[in-house]
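A short write-up of the structure that comes next.
The values are calculated or read from the model by the stated rules, or taken from the named source; none is laboratory data. Bear in mind the structure is a predicted one, so any value in this text is a computation, not a measurement. Here the Cβ is made from the backbone with ideal geometry for all residues, glycine too, and neighbour counts use every protein chain on show.
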Amino acid sequence: MRITLRQLEVFLAIARCENVTQAASSLALSQSAASTALKELEQRFGIRLFDRIGKRLQLNELGQHVRPKAEALLARAREFELTLTGSEPIGTIKVGATLTIGNYLAVGIIARFISEHPDARIDLTVENTRSIAGKLLNYELDIGLVEGELQEPDLEVLPWRNDELALFCAPDHPFATQRVLTDDDLLAAKWVVREPGSGTRQAFDRAMTGLLSNLRIQLELQHTEGIKRAVEANLGIGCLSRITLEEAFRRGSLVPLEAPDRNWQRNFYFVLHKQKYKSPGIDSWLDLCRDYLKT
């Protein structure tokens, strides 16, 4: 064997961080040890895997080509190690979820997954769709659960479940007694909505086709709870996934609205890197997510 797993770990850490010092820190190595491991790997084969741009090391064409193979080798090595120790071959799964999914669905899924695989560990990152896609492309995540649609050629997007956006207002808002809104009402309203780059905003913009440029956007916020508080304070009307609003509707702190002339349906998706090795743990996670909807 002309390469070591440590050399592959260093190569992949530098690919993620684009900096030797940060990569070394992530592996609990000294900077010199990380630099030596990369140098030995490149010299052994007479190759260069990175372009040096100032203090940054950016993967060159060869580095990009071998990266998914190195990721797969390390993943299989970790599975082999778990097998030798008598553990289930699950290990750590790095999951990225958008805010609606992360805050309202993911915890229940994680709880059930851990109950079925007690030795597994789930690292959950909650960000918007654009950020999750970026982390998947950089191999920082194993799988994404997202609300928005993606058109990245290196990402595989699989339908997961249906979702519905809901409009809502404060109980003392003039629309609270009206309930059913026309396009003219939508144009007259002040809006509190999610930020660009989020799946909810993408679905909202699509539903508002033909009206979007004339909408009165009062606030753009990154957090679901912030939007609900702003609407409760009568700063405008909002639009979020219905699953985030069920409790508020039951309490009566927010009032559901309808705009039947608009399409508020959308999908949630699984997203994976096409070249990243899909471990048995990932397959188990996908199966559980699909089954979770049936209970």
Exactly one of Arg201, Arg262 is crowded, with 16+ Cβ neighbours inside 10 Å, in contact with a helix residue (DSSP H, G or I) (Cβ under 6 Å, 6 or more places away or on another chain) and not in a strand (DSSP E or B), and that residue is Arg262
With respect to Thr125, is the statement that it is in contact (Cβ under 8 Å) with a residue 60 or more places away in the chain and hydroxyl-bearing (Ser, Thr, Tyr) true? no
If Leu288 satisfies all but one of (1) surrounded by 18 or more Cβ atoms within 10 Å (Cβ to Cβ); (2) of a type in the set (A, V, I, L, M, F, W, C); (3) within 30 Å of Lys69 (Cβ to Cβ), what's the number of the condition it fails? (1)
Picking from Pro260, Pro280, Pro256, the residue that is in contact (Cβ under 8 Å) with a residue 40 or more places away in the chain, more than 18 Å from the chain's Cα centre (by Cα) and not assigned by TED's automatic domain parsing to the domain that holds Gly226 would be Pro280
Among the residues in segment 159-175, are any more than 30 Å from His273 (Cα to Cα), modelled with pLDDT of 95 or more and of a type in the set (Phe, Trp, Tyr)? yes
Being in a helix (DSSP H, G or I) and under 24 Å from Leu105 (Cα atoms): is that true of Thr177 here? no
Inside segment 99-137, the number of residues satisfying the requirement of being at pLDDT 90 or above, farther than 24 Å from Glu246 by Cβ and touching a Phe, Trp or Tyr at 6+ places or on another chain (Cβ under 7 Å) is 1
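Per-residue answers, yes or no, for (1) out of contact with any Asp or Glu (no Cβ under 8 Å at 6 or more places or on another chain); (2) surrounded by 14 or more Cβ atoms within 10 Å (Cβ to Cβ); (3) at pLDDT 95 or above; (4) under 24 Å from Ala170 (Cα atoms):
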| site | (1), (2), (3), (4) |
| --- | --- |
| Glu195 | no, yes, no, yes |
| Met208 | yes, yes, yes, yes |
| Thr224 | yes, yes, no, yes |
| Ile243 | no, yes, no, yes |
| Val255 | yes, yes, yes, yes |
Looking at segment 80-98, which of the residues that are in a loop (DSSP other than H, G, I, E, B) and out of contact with any Asp or Glu (no Cβ under 6 Å at 6 or more places or on another chain) is modelled with the lowest pLDDT? Gly86
What residue, of Ile101, Ile53, Ile47, is of a type outside the set (Ser, Thr, Tyr) and assigned by TED's automatic domain parsing to the domain that holds Ala133? Ile101
Limited to segment 270-286, what total is found for residues that are modelled with pLDDT of 90 or more and in contact with a Gly (Cβ under 8 Å, 6 or more places away or on another chain)? 3
